[in-house]
Each structure stands twice: as structure tokens, then as C-alpha cells.
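Beneath this line is the structure, given in C-alpha cells, with notes to follow.
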Amino acid sequence: MEASFHICHYWRGQCVMKGAGLEVNFRICRYWRSQCAVKGVNMSELIRILPAIALRGTTILPDMIVHFDISRSRSVKAVEAAMLQEQKVFLVTQKDPDTEVPGLLDVYKIGTIATVKQVVKLPKGVVRILVEGEERAELIGFEPNDQWLEAEIETFDHLAEEPLTENEEEAMGRNLRELFSAYCQTGQKISQELAMQIIENEDLRRLVDQIAINLPLDYEQRQKLLEAVLLRDRYDVLCTILANEVEIMEIRIELQRKIKERIDQNQKEYILREQLRIIREELGEDNVQSEIEGYRKAAEALKASKEVKEKIREEIRRFENVGNNPSEGAVIRGYIETLLGLPWDKTSRDNQNLAKAREILEADHYGLTKVKERILEYLAVRTLTKKGDSPILCLVGPPGTGKTSIARSVAKALSKKYVRISLGGVRDEAEIRGHRRTYVGALPGRIVQSLHQAGVKNPLILLDEIDKVSSDYKGDTASALLEVLDSEQNNKFADHYVEIPVDLSEVLFIATANDVQTIPRPLLDRMELIEITSYTENEKFHIGREHLIPKQMRNNGIKESQLTITDEALAEIISGYTKEAGVRSLERQIGRICRRTARRLLEEKKDHVDVTSNNLEEFLDRRRFDYVMKNEKPEVGIVRGLAWTSVGGDTLQIEVNIMPGTGDFMLTGQLGDVMKESAQAGISYIRSVAGEYQIAENFFEKHDIHIHIPEGAVPKDGPSAGITMATAMLSAMINVPVRADLAMTGEITLRGRVLPIGGLKEKLLAAKKAGITTVLVPEKNRPDVEEMDREITDGLTICFVGTMKEVLEQALWQEEKQ
């Protein structure tokens, strides 16, 4: 056995035989010291007695320079005793930092011999000392001393250690550097400059000690490093600590990444809402309980059925129980507010004064007699019966004829709340029936929203552009309107969001449309159609004079005394600057005149401006439209037809040429399929009666027939030009001219019968404007003509025809007799 107390196999055997404990840290018990004495080992070289300080919560390693505070009197006296000797002190760590008077069993067995570099006395008996750790030592025991701790210690200076090979040292150094680098990269607790200085150490022992010193470890881990006396043991402990720290940091980083990913928009909103809620509570602006009480009071005061009130109370209870769930609370809050805002049994008092209603309707609109009469009939029935079903009207007519504005006037005349719903382009059934509450951002349908907006259960709701609703994979909007517009069903209208039947039976629905052809038949059957036809020039004149000119002067800030538009100028605007069924273009032209007048009043300092037919071009530039007037004299193969367009009526001059050929039949002028078929029917009729008009049998084989309708860029279609094309072809074949003052309209059959047509009012207005005096109309359209105002038929000779023979007698033979 050597003086360094290296344990050989002999002493191991003796240890087992004597029953003494053999620990890794080579504690030397008194038994072994006695045995060493027997064997001739000198113990005085290894055992020292030094003042000791019991450290609480910290461990000092060799080569560490650190300062710490002490306040226990025994520790302070131990420092004073050390300063009087070699400034050496033994630093040993307590196992339990709370122990005030530690004994041998209360401290660890391995400590550090340190040199006291500096002592600073602080207030309240605290002493701060600066020490430098020098070497490890084992605590053997405490010497009897009442004033300070005096420790008997044993150093490990001559402890034999198995030397490392060069390859082992290199491998251990590389591994330790990699672990330390990984620790620095993940932990970021050691500066980059310090880490580089430590890694550059070539000596393995120095590298291990420097890393151990600079690691931010707790005192228990440092104690493990301190107790690892041999380099191999210290290396193993340090690598284990570094590997564990690196793994912990990697797991922590991964957890932070996962947590960050989970913080989505909803969580952010939750945090923000909670912060906002707390802020509002601090400001006294938000109190859920007071909000619930407010809902309850509103529910009690609500005019509604027991079923509705019970549903609201149930939702209030749910809202009270959701607690701090902001998303669910927001949904329930919105639903409660929707139910409280609906006018379940709240109605407005309708006007029952027929004279006043008529006065309002006449003041707001000129013409539109049928609409006004129907509204007054409804009002009269309501006055007599005190109830009566609300009509469901559909106003059909060209754009600009006042369909939307008359609905507003009706609401005014009846003293009803007015709400407009634009259905143009609506393609989702949920727009009508609402969304189910399970969907995010669910809302009630437009019908329920309109009731909420009106605030009463009996408003006037205008369904604008009902002919332009469409359908897709989300549902058929027109089908959803079936229940709304059915007076037998709409008293319990089911909205998906509200979930409670809503009574629509007292709502006055007025729909508008330009064309009934696009409205599904079941929906059309539920509405009462009122046709609003094109305005005559006289009606346009009155509308312009009584409504449009005052409105535009008001809008442009012009006083009545500053502008005068003569009757001749207004008539010229209607005929030369507009071509429409309604009055929108007329209003735009009048607005243009008012704007130029305003400019003249300011720039030229004028007090009054007169607009006449002579200076009209100064305000509206040159005339835009010229109507094709009747021909000056009868011509062969040219007949004037009548057509209906979306902007009113028009005249069509149909031309036919007969040429030598092989029997070809040509149609030009961008004609539609129906119009081409009408021409085919006409030529077939003519061939069947060719003998009556002395047409040769081989005429159709030796001649080509060409029908052309001018304005080839404009598409044309419909059957109403059938008799016109047949008359023109026969005129060209027999070389007999057609009356120039005559126009015609009607569908032809193969047997020569004349069938009724539509748009007759617009066609007669167009004929009158073109200077036509005689118009041939199908016999079955006689009721339509009889219903027309004298204003339309005055100046026209209307001849009713039932067959092509009657048509030809009027168009051809009378001309021959003349």
C-alpha cells in the first residue's frame, strides 16, 4: 500500500473481513488509519486541520474564484482564524441549507480547500469574502472548538490514477467539446467568446475543470463533480450532466415550438377578449350579470307569444351557464338579441283614409292607373273588414317605368314601413331562409332581417328584380320564395336561424320584374301580376314637367326662377334625345341641362337661363335619335312591321326581292329561329294560294326569294312579323305595291290565320311616332285595344284582321283600286 492510500486487492480483502465500508470517494476510516500505521504509512503528509465554513446552497470547485456572504458567527470567526494563519479555509456544503448548526452528518464528505483573497464587512453583521478554490479534500471530522468549525481533512494530492493513452485523451476531448458546443448552442447561457476560450484548451484535465466551473449548475450537481476525484470519474459525471442538459433543452425547444403552433387565431382572440373583458370590468362598462338582467327585462316587455318568450328565457339561461366561453357566449348573445329585436306582435297603424292615399299616389306618380286602383281596393277592403289578406303583387314592365318608386309611394300612402330587398344575382337559398346556427357567422335570412329593420310585423317589403334570382349547388332561391309568397303558408315561415315560426301574413309584398319568362311557374302563380307598360310621349311629357324637372333642379341647387325649359324643348328631348320605355334617360338629360345651367349661372353671371328647341343643342349637343318615318309613296315588296323591344316599340321595314334563280330562299338581318320559321310559314301559305293571285306554277323553281330586315347588327326574333313578311313576299311576286301609311303585326299560320301578339301598346306608339295612320291588328287583340287610353289610339285607324285574305285586302287591293 502506497502513501496515497491507493486501495489494493489486499486492503479490499481486509475491508470485507473486518466489515468496514468501502466508498467510491475513498473515505479513510480510523480502522484503515490504524492499519496504515501498522504497515508503516506516514499519515502526517496527507491530513490537515483548517478552519471550516459550512456553505448553504452553493458548492465551490477548485480553480473557482467567487465571493459569497456569511453571517453566522462561527463562519465569521473561522474566516478571522484563517486570516491569522495561512488564509486557508475548508469550504464544505451543507446537505440541508436550512440547518443552522451543522454537524459532521449534516455536510458532504468532500469539500474544497480555498484561499481567502478578500474580506469585506457589510452592515448587520454580514461579511462578504472572495475566495479561490485550490484542491479537493475529504472531511474526516470536526475538532472540538466552541468558537468556529475546525475540520480535520485529508487531501488527494498523491492519489494514484491510471494514465490515459493519447487516443483515449483525444477521443474524450473531442466528445466533451462536441457536447459542450451543443450545450452552448441550445442553452445560450454561456457567451460565445467564453465558450471559444474553453474549447481551445488542449489539456483534458484543464478542459474538464473549466467546463465544470463555468456551467450554471445547482449545488447538488456541482457536488457530484467535486466528489469525482479521478479524471475519468469527473469526465463521466460532466458528460452525463452535459448530455442531460442538451436533451432537456432540445425537449424544451420542441415543446415551445409545438405550443407556439397551437396558439392559433382563436386562442389569440380568446386572450384579447379576456383582456378586453377585464379592461371593461375595470372601467365598469361590462357586467355579464347586468347584461343578463337586461335581457330578462326586455323579454318580459316583449310583445310576443308564450312560445317565443319561453324560447328566449331558455337561451338566457344557457347564456348564463356558458361562463367564460367567449365563442359560445357570442353565438348565444347574437341569437338572443335577434329574437328580442324581431317584431313578433308589434304592428303599425295603417292609413284608412282613401282620399289621402289617392292624393299621395297621384302626387308621386303620373299614370300607373292599375297599380293605384289595386292598392286603393286593398285599402278599402282593410277598412271594411278590419283585416283582410295582404296582396302579393308583381309589377312587370320595362326598365325605368317606375316599378320600384311606386312601391315606395304605396308604403307612404298606406303609412307602412318600407324595406327593399334586392334579389338580383341572389343564388343561395340561405339568403332567404337564413343559416343554421351551427355554422360560424350564421345570420337570419333577408326576410327576417327586413322585419328586424322595419320594427313592425306589417311592413311593405319590396322584392326587387325577382326575375333575376338564380340557383346553384347551394339551393334554389326561387323555391325558397314559394313559402314566403304563399298567403296560405307564410303565417308560419320557417327561418333556419330563428327556428321559431315567423308570421308573414300581414306583410304587404310587392315584387318587380322586367320579364316574367324567367320566373318559375309555381312562383309566378302565387303573385298577382300587374303589367306596367311603356309610357307614351304625352305621359313622359307630364312626368318630366311635373316630377323630373323639379327634382333635378332641386338636386343641382337651381331655383325655379333661374331656369325655364319650354314645352317644345321638353318634347324635343323626349323624341330626339331618348329612346326608352321609361324615363331614366329623360331624367339624365334633364340633369345634364341643369348642370350646364349651374355652370352658366356662375361663370357668365346670369340670373336666368331659357332652354328652347332652338338652343337645345347648346345643352345636349346634337340630336341622338331619328325615327324612320313612313315611306312617301307605296312600294313593291316593302312593308312596315311593328316590333316590341326592351326599350319600347319600334317599326321594322321588311324588304323582299325576287330574282331569277333556282328556287333559293334567303333570310338576312340577324333573324332568330322563330322569325325564320314565320317566314317559312308565310312562303308555304303563299304557295298554297298562288293560283288565286295568278302566280305561275314554276315560279318558285325559277326564282330566288330574298327577305331582308335592315339594321342587321340588331338581333330580331318573334312570330309577330309573320303577316308582314308574307305580305311583302306576295307584293314582290305579283308586283303590286303596299300602302305606305299602313303597318301591321300578327303571327301567321300555314292556313293563313292571324294569331294574337303581345306588346301591342308599345307597337301602336311606335307606329304613331313614325307617321303611320292605319294599323292591322289581330282580331283576338281587340280587348287589348279597347282597354287602351284614347291618347294612344287617337290618330290611328285600327283594323282588326283574322285571316291573311283580310290583311291583303287592306294592304294591296285597296291600293289597286286607288
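The figure for Met196 is an accessible area of roughly 100 square angstrom, using a 1.4 Å probe on the protein chains alone.
Between Glu307 and Ile263, residue separation times 0.36 nm minus the direct Cα-Cα distance comes to 11.6 nm.
Quick one: pull the percent of accessible area on the chain belonging to carbon and sulfur, 1.4 Å probe, ligands and nucleic acids left out.
Working: 20620 of 42800 Å².
Carbon and sulfur: 48 percent of the exposed surface of the chain.
Remark: the Gln147-Asn244 segment gains 30.6 nm on full extension, using 0.36 nm per residue and subtracting the alpha carbon distance. Once you reduce the range 558-573 and the range 662-687 to the center of their Cα atoms, the two points are 49 Å from each other.
Rounded to two decimal places and with Rh computed the Kirkwood way over Cα pairs, what is Rg over Rh for the chain?
Details: Rg = 54.0 Å, Rh = 38.6 Å.
Computed over Cα atoms, the ratio is 1.40.
For the chain, what is the accessible area per residue in Å² when the probe is 1.4 Å? Please list the in-between numbers first.
On the way: 42800 Å² over 818 residues.
Here the residues of the chain average 52 Å² of exposed surface.
Applied to the range 455-467, the Karplus parametrisation 6.51 cos²θ - 1.76 cosθ + 1.60 on θ = phi - 60° returns per-residue 3J(HN,Hα) values of x, 9, 8, 10, x, 9, 10, 8, 9, 7, 6, 5, 7 Hz, with x for Gly and Pro. Across the options Val674, Gln694, Pro715, the greatest Cα extent toward the positive end of the charge dipole of the range 603-717 (unit charges at beta carbon of Lys, Arg, Asp, Glu) belongs to Gln694. Using a simple spin-label model with pseudo-atoms 7 Å out from Cα toward Cβ, Ile695 and Glu200 lie 11.6 nm apart. Once the chain from Asp236 to Lys579 is taken as fully extended at 0.36 nm per residue, the excess over their C-alpha distance is 113.4 nm.
Suppose accessible area is computed on protein heavy atoms with a 1.4 Å probe; arrange Lys416, Lys702, Lys88 from highest to lowest. Walk me through the intermediate numbers first.
On the way: Lys416 20, Lys702 115, Lys88 40 Å².
Putting Lys416, Lys702, Lys88 in descending order of accessible area: Lys702, Lys88, Lys416.
Each principal axis of the range 389-502 carries a Cα extent, and these read 42, 29, 27 Å when sorted largest first. Given the C-alpha centroids of the range 406-435 and the range 735-806, what is the distance between them in whole angstrom? With the range 406-435 and the range 735-806 each reduced to a Cα centre, they are spaced 39 Å.
Compactness of the range 536-687 is given as radius of gyration and Dmax, 22.5, 74 Å, from Cα positions. Inter-part distance, the range 359-375 to the range 491-546, computed on C-alpha centroids, equals 16 Å. How fast does the range 687-818 diffuse by Stokes-Einstein, in µm²/s, taking the Kirkwood radius from C-alpha pairs at 20 °C and 1.002 mPa s? Rounded to a whole number, D works out at 135 µm²/s.
Cα-Cα pairs above 20 Å in the range 550-606: how many percent? Can you show the working numbers first?
Working: 413 of 1596 pairs.
Above the 20 Å cut-off, the range 550-606 has 26 percent of its Cα pairs.
Rounded to two decimals, the Cα radius of gyration of the range 348-445 over 2.2 N^0.38 Å is 1.35. The orientation-averaged shadow of the Cα convex hull for the range 642-697, equal to a quarter of the hull surface, comes to 5.2 nm².
Taking all protein chains together and rolling a 1.4 Å probe, Cys394 ends up with roughly 0 Å² accessible.
Relative to the globular-protein estimate of 2.2 N^0.38 Å, the Cα radius of gyration of the range 147-215 stands at 1.49.
Based on the Cα gyration tensor of the range 505-608, what are the three equivalent ellipsoid semi-axes, each the root of five times an eigenvalue, rounded to whole Å and given largest first?
Numbers: eigenvalues 284, 49, 25 Å².
They are 38, 16, 11 Å, listed from largest to smallest.
From the largest down, the range 421-566 spans 62, 32, 29 angstrom on the principal axes of its Cα atoms.
Between the amide H of Ala511 and those of Leu393, Cys394, Leu395, Leu463, distances stay under 5 Å, these residues lying 5 or more places away or on another chain, with hydrogens modeled in the peptide plane.
Suppose only helical runs count, i.e. DSSP H with n ≥ 4. What mean residue ellipticity at 222 nm does that imply for the chain under -39500 (n - 2.57) per run, divided by all residues and rounded to the nearest 500 deg cm²/dmol?
Working: 32 runs with 356 residues, N = 818.
Calculated at 222 nm, the ellipticity per residue is -13000 deg cm²/dmol.
The values are calculated or read from the model by the stated rules, or taken from the named source; none is laboratory data. A quick note: this is a predicted structure, and the numbers were derived from the prediction, not measured. Here Cβ is always computed from backbone atoms with ideal geometry, including for glycine, and neighbour counts include all displayed protein chains. The protein model used for the area step is the full one, side chains on, heavy atoms only, and it has no ligands, DNA or RNA in it. Shrake-Rupley method; radii C 1.70, N 1.55, O 1.52, S 1.80 Å.
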